[in-house]
Amino acid sequence: MREHGTHVSTLDGVRGLAVLLVMLYHFAHVDLVSELPADRLFYRLAMTGWIGVDLFFALSGFLITGILLRSKEASRYFGVFYGRRALRIFPLYYGYLALLFWVIFPLVSHHGVGDERAKAEAVQASWPWFVLYLSNIKQTFAGVFFGAGAGHLWSLAIEEQFYVIWPLVIRYLPVAVVRRVCLVLLPLALVLRIGMAASGVSADTIWVFTLARLDGLLAGALLAIAVQRGLVFEGWLMRGMPLAFVTLVCGLAVMGGHVESSPWIYTVGLTVVALVAVGLVYTAYGSQRHPLFSHPALTFLGKYSYALYVLHPLVREAAVKALGTPRLLFGSQIPWQIAFSAACLAASVLMALLSWHLLEKRFHRWKEVFFSYREPGDFQTLQRSSRAAENGSASTLH
């Protein structure tokens, strides 16, 4: 078994699958004009792409917990972790917010109409919540779901809240206690969702509330603890997880695809999704040559998954404005939808590459210089981190 902490390329494949699912989900959010059964099935399948977010949560819980466990006794534990996270996440996130709040939203406020302008102004009025990574909390208590190119940032807010609190838990509690904390909080997230749903809380509100979305993060954390304790990777389980994933997607599609299609989905279903997601992480980590997660297309997308996730909604909005209403071919919308999604995907990849090479890479190379467990400013460390940045390790979490 590989040492926990070495770079695992198949986990890039997990990132690639996660971001691909999310992008296809958003790219398919256009008016459905065809009544053909095949189109409706296609749409329902595309609408299951939200599970990519839960895959990101499971992966983050696994990787971040692993990092923290390995550095638990280090003297620069907090400074290194928070410093590295800031250099990896903040440049693109705050650059994106600057683009939204200083360029795009003012233009929409002056030239947009109706619902488009209202959404932009609602997000603008909530700018402190976005700056502080609390946009999901604002959405929870305001009972609204932000759009206008900012709706997807709720998941980054949840992850950042996890990054702030979880290092304290790992540092000051024994690993056995951390494990028990996970085992208690994970089912409590399910109980909380059921209680919220029974009280009439909307699916959108449940969907973005931090305490109701801990399943994936904590399941990933439990996997990291198990790996640290010498978890044996069972071949039969790893072979069965892709089938479980396909079954999950089909089951969600039957129920409507959307997370709000059924109370079963946004209560019990989210826990099932989290468990399947952590099973995929388990599979990718335990099988270095897995045919799906080692596929070059997925590992490529995984390397740039952060920028792809942040930037792709802007591509979609621009494409919708440019192309307008979906067109039918022989009564079907599917050919148009595939072409639309492919064009949006290509443009998103281009933007992610530009983001990495023009912005993110410049900050990434300083992680090893100033925020490592070696002495800061070591020249050889700078050379190594510069080479890593040149090689395009845009998805590196540590």
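Brief remarks follow.
- Gyration tensor verdict on region 36-155 (Cα atoms; rounded if a/c is under 1.5, prolate if a/b is larger than b/c, oblate otherwise): oblate
- Sorted on the mean count of surrounding Cβ atoms within 10 Å across their residues, most packed first, peptides 288-297, 10-19, 24-33 read 10-19, 24-33, 288-297.
- Among 50-56, 126-132, the peptide with the highest mean count of other Cβ atoms within 10 Å heads the list, and the full ranking is 50-56, 126-132.
- Residues D39, D115, sorted so that the one with the fewest Cβ neighbours within 10 Å comes first: D115, D39
- Cα gyration tensor shape for region 131-224, rounded if a/c is under 1.5, else prolate or oblate: oblate
- Rg(Cα) / (2.2 N^0.38 Å) computed for region 64-129, rounded to two decimals: 1.72
- In the calculated pair-distance distribution of region 242-370, the portion above 27 angstrom amounts to 43 percent of the Cα-Cα pairs.
- Note on the chain: helix-only mean residue ellipticity at 222 nm, from DSSP H runs of 4+ residues weighted -39500 (n - 2.57) and normalised by residue number, equals -22000 deg cm²/dmol.
- Rounded, prolate or oblate (a/c below 1.5 giving rounded, otherwise prolate when a/b exceeds b/c) for region 74-210 by Cα gyration tensor: oblate
- Each Cα pair under 8 Å and six or more residues apart adds its separation to the average, and for region 1-157 the resulting relative contact order is 17 percent.
- Exposure proxy for K119, K321: other Cβ atoms within 10 Å of each Cβ, ordered fewest to most, give K321, K119.
- Helical segments meeting 18 Å axial Cα length and Kyte-Doolittle 1.6 threshold in the chain (DSSP H): 51-70, 175-198, 215-228, 270-286, 334-355
- Taking the chain as the region of interest, the number of lysine pairs whose Cα atoms are within less than 25 Å, with members eight or more places apart or on different chains, is 5.
- Longest stretch of the chain clear of exposed loop sites (GluC sites (Glu not before Pro), DSSP loop, at most 13 other Cβ atoms within 10 Å, sites excluded): 235-398.
- Environment charge of F330, counting only residues whose C-beta is closer than 15 Å and scoring Lys/Arg +1, Asp/Glu -1: -1
- Think of each Lys and Arg Cβ as +1 and each Asp and Glu Cβ as -1; about the Cα centre, that makes the dipole of the chain roughly 1000 debye.
- Computed over region 9-390, the Cα gyration tensor eigenvalues convert (square root of 5λ each) into semi-axes of 32, 26, 22 Å, ordered from largest to smallest.
- When the charge dipole of region 9-390 is built from unit charges on Cβ atoms (+1 for Lys and Arg, -1 for Asp and Glu) and taken about the Cα centre, the candidate among H290, Y43, W102 whose Cα reaches farthest toward its positive end is H290.
Where a number appears in this text, it was derived from the coordinates with a stated rule and is not lab data. Every value quoted in this text rests on a predicted model; they were computed, and no experiment measured them. Reconstructed Cβ throughout: ideal geometry from the backbone, glycine too, with neighbour counts over all protein chains shown.
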